[in-house]
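The values are calculated or read from the model by the stated rules, or taken from the named source; none is laboratory data. Computed from a predicted structure; not experimentally measured. Neighbour counts are summed over all protein chains in view; Cβ atoms, including those assigned to glycine, are modelled from backbone coordinates with ideal geometry. Just the protein is used for accessible areas: all its heavy atoms, side chains included, with ligands, DNA and RNA removed. Shrake-Rupley method; radii C 1.70, N 1.55, O 1.52, S 1.80 Å.
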Amino acid sequence: LPADFTKLHLTDSLHPQVTHVSSSHSGCSITSDSGSSSLSDIYQATESEAGDMDLSGLPETAVDSEDDDDEEDIERASDPLMSRDIVRDCLEKDPIDRTDDDIEQLLEFMHQLPAFANMTMSVRRELCAVMVFAVVERAGTIVLNDGEELDSWSVILNGSVEVTYPDGRTEILCMGNSFGVSPTMEKEYMKGVMRTKVDDCQFVCIAQQDYCRILNQVEKNMQKVEEEGEIVMVKEHRELDRTGTRKGHIVIKGTAERLTMHLVEEHSVVDPTFIEDFLLTYRTFLSSPMEVGKKLLEWFNDPSLRDKVTRVVLLWVNNHFNDFEGDSAMTRFLEEFENNLEREKMGGHLRLLNIACAAKAKRRLITLTKPSREAPLPFILLGGSEKGFGIFVDSVDFCSKATEAGLKRGDQILEVNGQNFENIQLSKAMEILRNNTHLSITVKTNLFVFKELLTRLSEEKRNGAPHLPKIGDIKKASRYSIPDLAVDVEQVIGLEKVNKKSKANTVGGRNKLKKILDKTRISILPQKPYNDIGIGQSQDDSIVGLRQTKHIPPALPVSGTLSSSNPDLLQSHHRILDFS
């Protein structure tokens with residue numbers, strides 16, 4: 001129909017004399033039993049008759065919209081039967097007529113089949129480009145006779161076949177199984193008779209010449225790493241663009257030990273996310289994360305590997321902090337790694353690590369029961385509002401119920417039996433804990449502030465006089481919640497301008513830390529604006545254990561477009577924290 005033609009829905013009940021509608025670019029005519037009428041006449045007649053009809057009682061329905069069509073498209077795409085129809089359409093095309101989209105559809109379907117499971121993506125892609133579709137409609141049809149020369153490698157897509165060998169043995173091949181030639185140009189012959197067991201058996205076939213060429217070409221692109229005569233890693237050469245600027249070898253398989261070692265080796269431009277991939281998947285081939293942890297501590301002692309090891313740990317903490325929170329051995333690993341950073345005077349990296357731990361830590365609920373009120377507490381506490389800090393766990397008795405429940409050094413106690421512990425004196429906190437036999441304790445790992453507390457206590461011990469915080473000291477200290485940081489940034493800059501010497505020191509430290517952030521290329525802080533969040537969520541209202549203030553500044557420099565649970569590691573950085 002021409003573009004200017006408006007479609008009218010005319011029913012017999014409205015206009016029974018209409019029998020045919022014809023159109024042309026010059027106009028439209030409607031033929032009826034009584035002759036020819038103009039379009040406007042029929043439309044007016046239809047309107048008048050429709051206006052006289054009683055439409056009361058008829059149900060109202062929503063008019064179809066583009067959104068409904070989109071939803072139907074999504075449902076159609078998610079329907080497995082519809083998906084198989086799309087795959088069949090792609091397969092029925094001549095191989096030279098298949099588009100890149102067709103090959104992507106075939107790849108998505110084929111990678112689920114066992115015959116393709118151990119092949120690399122590039123091999124599957126090449127095979128999908130040349131495969132031919134074949135259908136045997138009737139059950140009991142002989143597909144291959146005994147002694148018949150094989151000329152292809154085939155995979156069953158639907159149905160099943162039975163192979164009867166000369167000695168009487170039978171074998172059944174089902175969907176996803178393969179049969180036919182091996183990747184060689186030598187002549188091969190069928191052993192046994194193959195018959196279809198059901199109707200509508202479907203196959204894809206790759207000619208022997210194509211199959212041999214593809215697998216042998218890929219073999220040439222493989223780089224095998226051998227140690228003591230055994231293959232420990234296999235890499236594949238890939239080009240990510242046609243200009244040839246992004247090409248190199250990507251790791252496709254290896255032994256657990258060799259994959260772990262590759263964490264601190266140079267990575268190809270085509271394999272930039274090996275560390276992230278390893279940290280996400282090591283659970284499938286390693287029994288314990290400490291297998292990696294021990295290696296990292298060992299490699300840290302090598303100055304040439306120290307920065308790479310630190311980057312791995314920072315990524316690990318940032319992306320998978322739950323690996324550390326629920327595992328006492330991994331918690332001890334983290335403490336030992338922090339001590340190593342302190343020993344090597346890598347202060348910037350240490351602060352990044354502490355910030356990551358605080359930002360990623362979740363609130364945890366720990367329940368303890370004491371036999372009596374007089375029973376001693378199985379842990380030692382530090383801090384208190386009199387020192388300008390929250391209540392922190394300094395140590396936990398080994399093999400105690402508290403250790404089994406998950407309480408550990410560096411935890412900040414936020415609440416006990418519903419009572420807020422974020423601004424309470426240490427003596428009052430101890431009194432509450434001692435006077436209750438049932439303790440429901442809400443805690444959160446907060447190493448960032450815990451380290452600062454330990455530093456303050458060591459200074460007091462060295463100076464011989466306790467530090468009594470004044471109201472002004474709260475602002476001068478570096479214990480900021482995220483809103484406080486944004487509010488006080490101008491005050492901090494002002495203080496730096498007053499003291500030139502301080503300015504000279506802090507700018508250097510800040511630039512150094514910025515370089516470290518750029519070098520590690522990770523996003524440490526949560527990507528969401530901070531607000532009050534309940535137990536079990538990944539972020540808290542403050543990374544240092546202070547309640548968030550009500551006056552949140554409107555222009556908080558935190559991106560809202562990234563996921564806080566799995567941040568974009570390639571995101572460019574803004575300098576949010578000032579570590580003066």
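What are the semi-axes of the equivalent ellipsoid of the range 255-359, taken as the square roots of 5 times the eigenvalues of the Cα gyration tensor, listed largest first and rounded to whole Å? Present the calculation step by step, with values, prior to reporting the outcome.
Working: eigenvalues 80, 56, 36 Å².
Value: 20, 17, 13 Å, ordered largest first.
Relative to 2.2 N^0.38 Å, what does the C-alpha radius of gyration of the range 80-217 come to as a ratio? Two decimals please. Don't skip to the end; give the middle numbers.
Details: Rg = 14.9 Å, N = 138, 2.2 N^0.38 = 14.3 Å.
Rounded to two decimals, the normalised Rg is 1.04.
Taking every pair of Cα atoms in the range 145-218, average 1/r, invert it to obtain the Kirkwood radius, and report Rg/Rh to two decimals.
0.99
With no solvent and one equal point scatterer per Cα, compute the Debye intensity ratio I(q)/I(0) for the range 362-463 at 0.19 Å⁻¹ and report its log10, rounded to two decimals.
Computed log10 I(q)/I(0) values: -0.91.
With every protein chain present, what is the per residue accessible area of the range 80-217 (1.4 Å probe, Å²)?
Values: 7530 Å² over 138 residues.
That works out to 55 Å² per residue.
How compact and how long is the range 307-399, expressed as Rg and Dmax of its alpha-carbon atoms in Å?
Cα-based Rg and Dmax for the range 307-399 come out at 15.9, 51 Å.
Suppose each label sits 7 Å from its Cα in the direction of the beta carbon; what would the Cys174-Glu335 distance come out to in nanometres?
Those two pseudo-labels are separated by 5.2 nm.
Got the relative contact order for the range 255-359 handy, in percent, Cα pairs under 8 Å and 6 or more residues apart?
On the way: 53 pairs, mean separation 25.2, N = 105.
Relative contact order comes out at 24 percent.
Accessible area of the range 255-359 with a 1.4 Å probe: how many percent of it is carbon plus sulfur? Don't skip to the answer; put the middle values down first.
Numbers: 2250 of 4370 Å².
The C+S portion of the solvent-accessible surface of the range 255-359 is 52 percent.
Beyond 27 Å between alpha-carbons counts as too far, so tell me which of Lys187/Lys224; Lys224/Lys247; Lys308/Lys444; Lys197/Lys253; Lys308/Lys461; Lys235/Lys362 fall in that bin.
Working: Lys187/Lys224 29 Å; Lys224/Lys247 17 Å; Lys308/Lys444 29 Å; Lys197/Lys253 37 Å; Lys308/Lys461 36 Å; Lys235/Lys362 38 Å.
From Lys187/Lys224; Lys224/Lys247; Lys308/Lys444; Lys197/Lys253; Lys308/Lys461; Lys235/Lys362, over 27 Å: Lys187/Lys224; Lys308/Lys444; Lys197/Lys253; Lys308/Lys461; Lys235/Lys362.
Taking 0.36 nm per residue of sequence separation and subtracting the Cα-Cα distance, how much length would be gained by fully extending the chain between Lys247 and Arg138, in nm to one decimal? Provide the component values of the computation, followed by the final result.
Details: separation 109, 0.36 × 109 = 39.24 nm, distance 4.85 nm.
Residue separation times 0.36 nm, minus the Cα-Cα distance, leaves 34.4 nm.
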